[in-house]
Amino acid sequence: MNTHLKIGLVGFGCVGSGLYEVLNKSGLLGATIKTIVVKHPEKKRSLPKEAFSYEVKDILDDPEINVVVELINDSVAAYELVKRAFKAGKHVVSANKKLIAEHLDELLALATENQVSFLYEGAVAGSIPIIRNLEEYYNNDSLTSVEGITNGTTNYILTQSNFGVDYASALAQAQELGFAEADPTLDVDGFDSKFKLVLLIKHAFGLSVEPNQLHNIGIRRITEKEIAYATEKGFRIKLLSRAEKIGQEVCGFVAPHFVDRTHPAFEVNNEFNAVIVQGLFSDRQLFLGKGAGSYPTASAVLSDISALKFDYRYEYRKSDAGKNLQLSEQFYLNVYIGTPHAVTLEEAGFEEVYESFRSRDYAYKTGLISFEKLAALQTNAREDLAVIVLPGALQKPELVVAESANVEFNTH
Ligand SMILES: NC(=O)c1ccc[n+]([C@@H]2O[C@H](COP(=O)([O-])OP(=O)(O)OC[C@H]3O[C@@H](n4cnc5c(N)ncnc54)[C@H](OP(=O)(O)O)[C@@H]3O)[C@@H](O)[C@H]2O)c1
């Protein structure tokens, strides 16, 4: 794009105000913010009142503005705004993972129809440049897995828990520090990590999935018993967004995991995020950085703005390969399930039990379970089950059957 980028910025909260400062400090030439739209006129701000408008049409109807940077905290309003921006022929940069995960294919079609770009590096893992890397660097189908800590709030809470702080106090600390929302449900129940996983799967494997096709297990039910188990075994607990390509299937889910020292996420603490990419030839690679916050997220948004100067758009080159893939819940994994009610462990349907413990007020089992059975437990909706995935690869049913056949053979 040879023309000057004239930006209409919608939202001047944590990320929007950060972008304003970062853009001014960066010395990025040929990009200026012309209009800033916010919602509440009465709010105190770092810039004078005259710097703001309260009507998005001041951006959408301005022919001089060629880029809309959408940084609002309302995914429904953002959905309408982004569609109107595309129809008005404006490029859009957004960091709104919920909006994008829920509407990506529709928004892409609209962007393509109007010949504009839609960039959203800030929507996944804050400052970590993962979307463009998956697009450009891993521009072939040799990736076998992508997983990561993609939510800073839960990583902060879990880090504190791993160091002995109870869940409620760790959540309160995260809220005080501005990492966690007053209603932390989207974070602690794994929805936010799932929105990001939808985008990772799209860019890693070319497969379109909807958030409600992926199962998410959160961290709310983790107690001091699980922390003690982790400490005893030398594990730490991390909420991972995880997708593995096995044959023509992609197995994807969000769940807390026990990770051992050999796992690249072991030392990723507090508000830091990490994405681990595994390729057939490149082997395992780790991307590490701040996953949230004003400047770190604004830096990713700025990078998108700068990319627009070179007419950059995601090409979704893996989409053709993605058409041959399908999302699958047909796999087995090793898990720990803890509960105050031992009898509920019988319901879980373990294929094989490795460890079983029962005291007066707590019980747990570890073992192999089918993901479908695990998902059917609906753990986010219940008070009494803590589910944590144990180290180990996901296994396809064929392998599990073959292995149990071997065990039977050996015992006779
Ligand atoms: N915070 C992070 O670390 C982070 C990290 C990655 C991605 N994100 C994403 O970035 C986006 C912005 O997050 P944030 O933390 O900066 O939010 P925030 O601090 O809550 O600020 C939201 C801003 O949006 C404005 N707004 C809300 N509804 C609007 C509407 N209908 N029209 C115009 N303006 C509206 C608000 O206006 P008022 O000021 O008038 O209330 C406020 O300025 C979200 O999609 C979030 O998921 C945030």
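The values are calculated or read from the model by the stated rules, or taken from the named source; none is laboratory data. Given the structure is predicted, the values throughout are model-derived calculations rather than measurements. For neighbour counting, all protein chains shown are included, and Cβ atoms are generated from backbone atoms with ideal geometry for every residue, glycine included.
Pull up region 166-185, narrow it to residues that are among the small types (Gly, Ala, Ser) and under 19 Å from the mean Cα position of the chain (by Cα), then point me to the one that is nearest to the ligand (Cβ to nearest atom). Don't jump to the end; show me each part of the working.
At the first step, the residues of region 166-185 found to be among the small types (Gly, Ala, Ser) are 168-170, 172, 174, 178, 180, 182.
Next, only the ones that are under 19 Å from the mean Cα position of the chain (by Cα) stay: 174, 178, 180.
Values: 174: 12, 178: 8, 180: 11 Å.
Once the filter is applied, the top-ranked residue is 178.
Taking residue 198 as the residue in question, decide whether it is touching a strand residue (DSSP E or B) at 6+ places or on another chain (Cβ under 9 Å), β-branched (Val, Ile, Thr) and assigned to a helix (DSSP H, G or I).
On the way: touching a strand residue (DSSP E or B) at 6+ places or on another chain (Cβ under 9 Å): yes; β-branched (Val, Ile, Thr): yes; assigned to a helix (DSSP H, G or I): yes.
So residue 198 passes the test.
Give me the pairs, please: first residue somewhere in region 111-123 and farther than 13 Å from residue 306 by Cα, second residue anywhere and among the charged types (D, E, K, R) and near the ligand (Cβ under 10 Å from one of its atoms), beta-carbon distance under 8 Å, and either six or more positions apart or on two chains.
If the second residue must be among the charged types (D, E, K, R) and near the ligand (Cβ under 10 Å from one of its atoms), the pairs left are 123/97; 123/196.
Restricting to region 228-258, and then to whatever is in a strand (DSSP E or B) and basic (Lys, Arg), can you tell me which residue is surrounded by the most Cβ atoms within 10 Å (Cβ to Cβ)? Break it down into steps so the answer makes sense when it comes.
So in region 228-258, the residues in a strand (DSSP E or B) come out as 236-246, 249-258.
This time we only want the ones that are basic (Lys, Arg), so: 236, 238, 242, 245.
Details: 236: 24, 238: 27, 242: 21, 245: 24.
Taking the candidates together, the pick is 238.
Mind checking which strands (runs of 3 or more DSSP E) fall wholly inside region 264-358 and carry at least 3 residues that are polar (S, T, N, Q), within 16 Å of the ligand (Cβ to nearest atom) and at positive phi? Can you show your working first?
Details: elements: 272-279, 283-290, 332-339, 352-358.
Filter on region 264-358 gives an empty set.
Looking only at residues that are in a helix (DSSP H, G or I) and of a type in the set (Gly, Ala, Ser) in region 110-151, which one is farthest from the ligand (Cβ to nearest atom)? Lay out the reasoning, then the answer.
The first filter runs over region 110-151 and keeps only residues in a helix (DSSP H, G or I), leaving 110-113, 121-123, 131-137.
Remaining after also requiring of a type in the set (Gly, Ala, Ser): 111, 122-123.
Values: 111: 18, 122: 5, 123: 6 Å.
Step by step, filter region 110-151, then rank; the result is 111.
Would you point out which residue out of 350, 331 is within 27 Å of the chain's Cα centre (by Cα) and either of a type in the set (Asp, Glu) or modelled with pLDDT of 95 or more (or both)?
Values: 350 fails: within 27 Å of the chain's Cα centre (by Cα).
Being within 27 Å of the chain's Cα centre (by Cα) and either of a type in the set (Asp, Glu) or modelled with pLDDT of 95 or more (or both) holds for just one of 350, 331, which is 331.
Got a sec? Which of 114, 66, 73 is on the phi < 0 side of the Ramachandran plot and modelled with pLDDT under 95? Talk me through it step by step, then tell me what you get.
Details: 114 fails: modelled with pLDDT under 95; 66 fails: modelled with pLDDT under 95.
Of the residues listed, the single one that is on the phi < 0 side of the Ramachandran plot and modelled with pLDDT under 95 is 73.
Name the pairs: first residue in region 92-109 and within 14 Å of the ligand (Cβ to nearest atom), second residue assigned to a helix (DSSP H, G or I) and among the charged types (D, E, K, R), Cβ to Cβ under 7 Å, at least 6 apart or on different chains?
93/304; 97/192; 97/196
Filter region 7-38 for residues that are within 8 Å of the ligand (Cβ to nearest atom), buried (at least 16 other Cβ atoms within 10 Å of the Cβ) and more than 15 Å from residue 303 (Cα to Cα) and give the result. First the steps, then the outcome.
First pass over region 7-38, keeping only residues within 8 Å of the ligand (Cβ to nearest atom): 10-18, 37-38.
From what's left, buried (at least 16 other Cβ atoms within 10 Å of the Cβ): 10-12, 14-18, 37-38.
Across region 7-38, the qualifying residues are 10, 11, 12, 14, 17, 37, 38.
Which of the residues spanning region 40-74 are crowded, with 16+ Cβ neighbours inside 10 Å and within 7 Å of the ligand (Cβ to nearest atom)?
56, 71, 72
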